[in-house]
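Quick note: the coordinates plus some simple rules give every number you see, no bench work behind them. Since the model is a prediction, treat every value here as computed from it, not as a measurement. Ideal geometry is used to build each Cβ from the backbone, glycine not excepted, and the neighbour counts take in all protein chains shown.
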Amino acid sequence: MANLPIIQFEEKIVETVEKNPVVVIIGETGSGKSTQLSQILHRKGYTRSGIIAVTQPRRVAAVSISRRVAQELGVRLGEEVGYAIRFEDRTSEKTCIKYLIDGVLLRESLSNPELNQYSVIILDEAHERSLNTDILLGLMKRLIKMRASNLKVLITSATLDGEKVSRFFSNCPILNVPGKLFPVEIFYNMERPKSYLESSLKTAIDIHVREPEGDVLIFMTGQDDIEKLVKKLEERVQSLEEGSCMDAVILPLHGSLPPELQVRVFSPPPPNCRRFIVATNIAETSLTVDGVVYVIDSGYVKQRQYNPSTGMYSLDVVQISRVQADQRAGRAGRTLPGKCYRLYPSMVYHEELLDATVPEIQRSSLAGTVLYLKSLDLPDMDILKFDFLDPPSSESLEDALKQLYLIDAIDENGSISSIGRTMAELPLEPSLSRTLMEANEYGCLSQALTVAAMLSAETTLLPGRSKSTEKKRKHDSSDLPNGSGWGDHIQLLQIYELWDQTDYDVDWCKDNNLQVRGMKFVRDVRKQLSQIMQKIAKGSLDVRTNERRKESQEDYRNLRKSLSVGYANQLAERMIRHNGYRTLGFKPQLVQVHPSSVLRTDEEGMLPNYVVYHELISTSRPFMRNVCAVEMPWVMPILKKLEKLNISKLSGGSGQSEEQTEGDKSSLPKKDDVNVARPVDDRD
Ligand code: CDP
């Protein structure tokens, strides 16, 4: 710790922070920003007047870095040093250094707009440009005006354009912490490989056979490819002649890995053993793995993109930016001179790659963000004029406003409603928080809480959400309930209900191919959501939230009805001629039920006429994931509302032309007015 580059700058940092309310700190990944800055300011006494908050865009980093800091300070995690991520708060009265997910800090500011409990707020990893960190940047600007005398804000980044952030904060000082990077030799492929998995495998084995000791870090795009490569590498390493090269350990590293497996990358390898770490872009800047001398860079990253004009998500494998390529290469030169093998030609690096990664705010659905901003009640608050470092498109802001209007979170003039205010307090996406509120009215809150918790934890429920495991859920789990013909939400409810009846039996989960950790997480999330709902409703909730009993058809009906209100913007009508559905939004799309759905049946006649869906995802084709049958009489009021919608009023008359307004008014889909979304390559 003492030899981390940032420690040499301790005095300078303290001096600059003392004199300025906002400081930007740029330092090479691994220089000690995440683990040391909080400790430096703690030593200087900043925790006497409040807590030091360090925000992280990724859950994994918040947990692992706080664990490390607790270790360095010799305290128990959760006491002086703690972390708070969505649905998990490991802090106590004693906590004075708190690592938290950026979204958690946003939510805290709803109940305490001045964030008075904090003396220092460090926005870490700002270069990741996560949606929530971007919003926090705008919020900090306001907060500094209110609390200039007793709040310090630090913005740290590995690569960020420091000048731009400094300008955003009235030219605040920028401190550069030079890292001690060793030279990294770059090798390019002559051409792009047909399979970057095979090419990574070959390069890794070549390194193992020919190169001196040093760990190898391989960047892949996602869990599926990581698992495949780990398996292939294991086989190949085992097939090498015994004694021909040193031993090898192969470790995966990605966001959905259980914490106990993640920490393995931080312990040093046994002597005379080379580690192969097969990682997603999480190892680019979020987590620093020591001992890496060789980097293999596929040149790709998996990115979730939202298209506001279709309401559709796609999980695209896209080229990394040049900044990312440099970061990846830099991982090789932390302890010794290193080598980076780029599996693409140098022309691609120099001419094809974007300079920097597109910030998340420009590729996400903004309904939750806009609702949050509206609920802050900032004076003169025009959402379209919020102070963003890089503004989102007006199209995605309008898409968010329309969605919020349809689910009653804002009124036709764009003002937040009391429903909207309550929704903003729930740590859920707007569709689910609206569903919970409606379910409370219909007396099925207990069931809706289960569904919301199951959906929130879905990624950890199954051994992975890859194509193969999606199929597994359908075929291997034939003992699991089938949603009684009403779809996935009801199935999720029934699965939880069965587990509940076994008294949360671990073996039952294993027998049914469900991750025990995931199911326990659901139970925990459900409890927390129930407590938040109790708090919001000040005890006036449906008393049955904790009662254990078997669901009736009436409960299912009420739940489906509540879902139709929460998902009013995610509605689709059966189109028998097209053998699929047509979304009933502003720009209708032809879509299909996702193959993983329980509603997907070979007997076409069985499909319901109207459904709501949790999300639209464009892979080989546009699909609706997690689908629930709803009834025509529930759909009618939504269609009426759609007809009345006037976007220029919603966004406060923000620069919309007359024609656009007219166009949007008649936004009710016509039968022939259907777009088919462009399919994308799904290499998940
Ligand atoms: O934030 P920055 O990238 O500048 O560095 P850091 O995350 O503070 O990492 C500083 C050192 O702590 C590195 O050598 C990491 O390998 C180590 N570290 C660790 O061993 N375990 C963690 N969970 C986090 C960091």
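Close amide-amide hydrogen proximity is noted between residue 25 and 155, 156, 157, 175, each under 5 Å apart and 5 or more residues distant or on a separate chain (H modeled in the peptide plane; Pro and chain starts excluded).
Working note: Karplus 6.51/-1.76/1.60 with θ = phi - 60° gives region 320-333 the couplings 6, 8, 5, 4, 5, 4, 5, 4, 4, 4, x, 4, 7, x Hz, where Gly and Pro are set to x.
For the chain, the share of DSSP beta bridges that are antiparallel, to the nearest 5, is 35%. Listed values for region 239-247 are Karplus-derived 3J(HN,Hα) couplings in whole Hz (6.51 cos²θ - 1.76 cosθ + 1.60, θ = phi - 60°), namely 7, 6, 4, 4, x, 6, 8, 5, 5, and x replaces Gly and Pro. To the nearest 10 degrees, how steeply does helix 516-536 sit against the main Cα axis of the chain, on a 0 to 90 scale? It is inclined by approximately 60 degrees. For residue 300, the residues whose amide H sits under 5 Å from its own are 320, ignoring neighbours fewer than 5 places away on the same chain, with H placed 1.01 Å from N. May I ask for the angle, rounded to the nearest 10°, between helix 102-111 and the longest principal axis of the chain, with both axes built from Cα atoms and the value confined to 0 to 90°? Compared with the principal axis, the helix lies near 50 degrees.
Annotation: amide H-H contacts under 5 Å for residue 56 (H modelled 1.01 Å from N, sequence separation of 5 or more, or interchain): 100, 101, 102. An oblate overall shape is assigned to region 321-366, the ratio a/c of its alpha-carbon gyration tensor axes (a ≥ b ≥ c) being 1.5 or greater and a/b not exceeding b/c.
When a/c is below 1.5 the answer is rounded, else prolate if a/b is larger than b/c, else oblate, so apply that to region 18-137 with a ≥ b ≥ c taken from the square roots of the Cα gyration tensor eigenvalues. Numbers along the way, then the final one.
Details: a/c = 1.14, a/b = 1.07, b/c = 1.07.
Cα axes put region 18-137 in the rounded bin.
Within 10 Å of each residue's Cβ, count the other Cβ atoms and sort 499, 508 from fewest upward.
Working: 499 20, 508 16.
The order, fewest Cβ neighbours first, is 508, 499.
Put in line by how crowded their Cβ is, counting other Cβ atoms within 10 Å and starting with the fewest, 127, 594 read 594, 127.
Phi angles of region 95-100 translate, via the Karplus equation with coefficients 6.51, -1.76, 1.60 and θ = phi - 60°, into HN-Hα couplings of 4, 10, 10, 10, 8, 9 Hz per residue; Gly and Pro are given as x.
Legend: distances between Cα atoms for 385/535; 98/535; 194/228; 180/339; pairs beyond 22 Å are 385/535; 98/535. Pull out a ≥ b ≥ c, the square roots of the eigenvalues of the alpha-carbon gyration tensor of region 49-110, then state rounded if a/c is under 1.5, prolate if not and a/b is larger than b/c, and oblate in the remaining case. Note, shape of region 49-110 comes out oblate.
What pairs from 374/649; 302/510; 12/44 go past 20 Å between their alpha carbons? List each step's numbers first, then the result.
Details: 374/649 15 Å; 302/510 30 Å; 12/44 12 Å.
The pairs that break the limit, which is 20 Å between Cα atoms, are 302/510.
Between the helical axis of 445-456 and the dominant principal axis of the chain, each derived from Cα atoms, what acute angle in degrees is found, rounded to the nearest 10? Between helix and principal axis, roughly 40 degrees.
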